[in-house]
Amino acid sequence: MNIQTQPFGKLPDGTAVELYTLSNESGMIVQIMTYGGTITSLRVPDREGNLGDVVLGYDSLDGYLTKNPYFGCIVGRFANRIAGGRFALDGVTYQLAVNNGPNHLHGGLVGFDKRVWRAATGRSDGAICLALSYLSRDGEENYPGNLYVTVTYTLMRDNALRISYRARTDKPTILNLTNHTYFNLAGVGDILDHEVMINADRFTPVNEALIPTGDLQPVEGTPLDFRQPMRIGARINDPHEQIARAGGYDHNFVVNGTPGELRLAARVYEPTRGRVLEVRTTEPGMQFYTGNFLDGTITGKGGVVYARRSGLCLETQHFPDSPNQPAFPSTVLRPGENFHSTTVFTFSTRS
Ligand code: GLA
C-alpha cells in the first residue's frame, strides 16, 4: 500500500495542482488530481494479469482545462439537471446558473469539477485514503449556504475504490454529489460489447431536455431492462422513445433496495479482457450514461481519439431535478445535519 504525490501543473491564475498516486499489493493503481478531485487514471489487471488503464481522460492538466466532458471528476453541488436552474426552498426561489440550454447541469458554470480541492492523506485498516475538501461559499453558482464538503477516496486491498462524501451547511440548501468517471474496461474502442447488469426495476423517464417527467417507470419490456446482464450494443439504437431522445442510454435508474444501505447497483463485464466492475452505493439512484455526446473531437490519453460511446458512466446519485419533484427522495440539507453517502467501485476478472 503506497501513496505518492507530484505536481500536475498550474491553473492560469497560478494555483498549483497536485496528482496523488495510490497503489495496493494487488496491482491496482489510481491517480487523482486536486483539480476537480478528478480520477485521471485507474489501472487494474485483466484476466491475464496485465495492468490497463480503464478510465478516459487526458495526459496533462491542459486537456482538462481546455475541453472537458466531466472526465473522472467530482460533480456538485448538484449532479445532473435542474429544470430552468430554478428551485424553491422554504418559500424562497433560487435561480442558479444555467449552462445546459435553459437548464442547470452538474453544478453550473464553475462546479466542483473546476475547483481545486485541499488534500490530506491517511491510512486505516490496511487501506490508504485521500481526503479532498472544499468550502463552497454562500452564493456560489447562486446556491444558498456555506457548504463544506469532504470527498474521501479509499483504495482497499481487494481492488475496490471507495468514495465517501460528507457535507455540512450553515443555511438550508440542496446537494447531490457524484463522480463522473468514464469507464472502458477494455481500455480502448467503444463500450458496445460491455455487458451490463443494473439492479433496478424502475427508471425515471425524461422529456426532450433530458429532465425527469416525475414518473417512476418499470424497466420491464423496455430497452432499459438490465436486470439480466445484457450487451450495451444490443438495444442502444432501439427506436424506443426514451433511448432515441437521449441518443443512447442517459437515464437515472432507481436502484433496488433501501437508500442509505450499501447495495449492488450495477455489474459490468468486458469479455475480451475479462475485467468486471461492480458498483455499490447508498444513493437512491444511478445515472447510466453511454458517452453519447463524445464525438471524436477529443484526443485523450496516449493520443487516443474518444469516439461516440467510447466510455460509460455509472453516476450514483439522487434523482435529477429532485428539488422540483416532491415525490423524489429529498436533496435538502439543513444546518446541523451531516450529509453522508458512499459508493464503492470493485474490480475483478473472470473467464
Ligand atoms: C451526464 C448527463 C449527460 C451529459 C453528461 C456530460 O451524464 O446525464 O446528459 O450531460 O453528463 O456530458
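The values are calculated or read from the model by the stated rules, or taken from the named source; none is laboratory data. None of these values were measured; they are calculated from a predicted model. Heads up, the Cβs are rebuilt from the backbone with ideal geometry, glycines too, and the neighbour counts pull from every protein chain shown. All accessible areas refer to the heavy atoms of the entire protein, side chains included, with ligands and DNA or RNA removed. Shrake-Rupley method; radii C 1.70, N 1.55, O 1.52, S 1.80 Å.
Cβ-Cβ distance of Asn50 and Glu208, R₀ of 56 Å, FRET efficiency by 1/(1 + (r/R0)^6): the value works out to about 0.80.
Solvent exposure of Glu220, expressed as accessible area, is near 130 Å², computed with a probe of 1.4 Å over the protein chains only.
In the complete set of protein chains, residue-level accessible area for Ser26 is approximately 60 Å², probe 1.4 angstrom.
Just so you know, the Rg over Rh for the chain is 0.94, from Cα atoms, with Rh as the Kirkwood radius.
Could you state the accessible area per residue of the chain in Å², with a 1.4 Å probe and every protein chain left in place?
Values: 13480 Å² over 351 residues.
That works out to 38 Å² for each residue.
Phi angles across the range 47-56 convert, under the Karplus curve 6.51 cos²θ - 1.76 cosθ + 1.60 with θ = phi - 60°, into 3J(HN,Hα) values of 5, 8, x, 7, 6, x, 7, 10, 10, 7 Hz, Gly and Pro given as x.
Which whole-number percent is the relative contact order of the chain (Cα, under 8 Å, 6+ apart)?
Relative contact order of the chain: 18 percent.
Near Val255, the amide H atoms lying under 5 Å from its own belong to Gly285, Met286; only residues 5 or more places off or on other chains count, and H is placed 1.01 Å from N.
Distance from the alpha carbon centroid of the range 31-47 to that of the range 104-119 works out to 18 angstrom.
Computed from phi, the 3J(HN,Hα) profile of the range 185-196 under the Karplus parametrisation 6.51, -1.76, 1.60 (θ = phi - 60°) reads 6, 8, x, 9, x, 8, 9, 5, 8, 5, 9, 10 Hz, with x in place of Gly and Pro.
Tell me, what is the FRET efficiency for Arg118 and Val304 to the nearest 0.05, using R0 = 25 angstrom and their Cβ-Cβ distance as r?
0.20
Relative contact order for the range 87-200: 16 percent, from Cα pairs under 8 Å spaced at least 6 residues apart, divided by residue count.
The listed residues Thr346, Thr204, once ranked by accessible area (1.4 Å probe) with the largest placed first, stand as Thr346, Thr204. The 1.4 Å probe gives accessible areas that order Asp193, Asp225, largest first, as Asp193, Asp225. In sequence order, the range 309-315 has phi-based couplings of 6, 9, x, 10, 10, 10, 8 Hz under the Karplus curve 6.51 cos²θ - 1.76 cosθ + 1.60, θ = phi - 60°, and Gly or Pro positions carry x.
If packing is taken as the average count of other Cβ atoms within 10 Å, what order do 17-24, 300-307, 176-183 fall into, highest mean first?
Working: 17-24: 18.9, 300-307: 14.6, 176-183: 25.8.
Packing proxy ranking, top to bottom: 176-183, 17-24, 300-307.
By accessible area, using a 1.4 Å probe on protein heavy atoms only, the chain has 49% of its surface on carbon and sulfur.
Can you tally the lysine pairs in the chain where the Cα-Cα distance is under 19 Å and the two residues are eight or more apart, or on different chains? Could you put the intermediate results ahead of the total?
Numbers: Lys10/Lys67; Lys10/Lys114; Lys10/Lys301; Lys67/Lys114; Lys67/Lys301.
Value for the chain: 5.
Helix content alone sets the calculated 222 nm mean residue ellipticity of the chain: runs of n ≥ 4 DSSP H residues at -39500 (n - 2.57) each, divided across all residues, give -1000 deg cm²/dmol. When all protein chains stay in place and ligands, DNA and RNA are ignored, the 1.4 Å accessible-area order of Thr5, Thr15, largest first, is Thr5, Thr15. On the basis of the beta-carbon distance and an R0 of 25 Å, Ala16 and His340 show a calculated FRET efficiency of 0.25. Length gained on full extension, Asp138 to Ser60, computed as 0.36 nm times the residue gap minus the Cα-Cα distance: 24.9 nm.
Spin-label model, Val188 to Val98: label points 7 Å out along the Cα-to-beta-carbon direction sit 4.3 nm apart.
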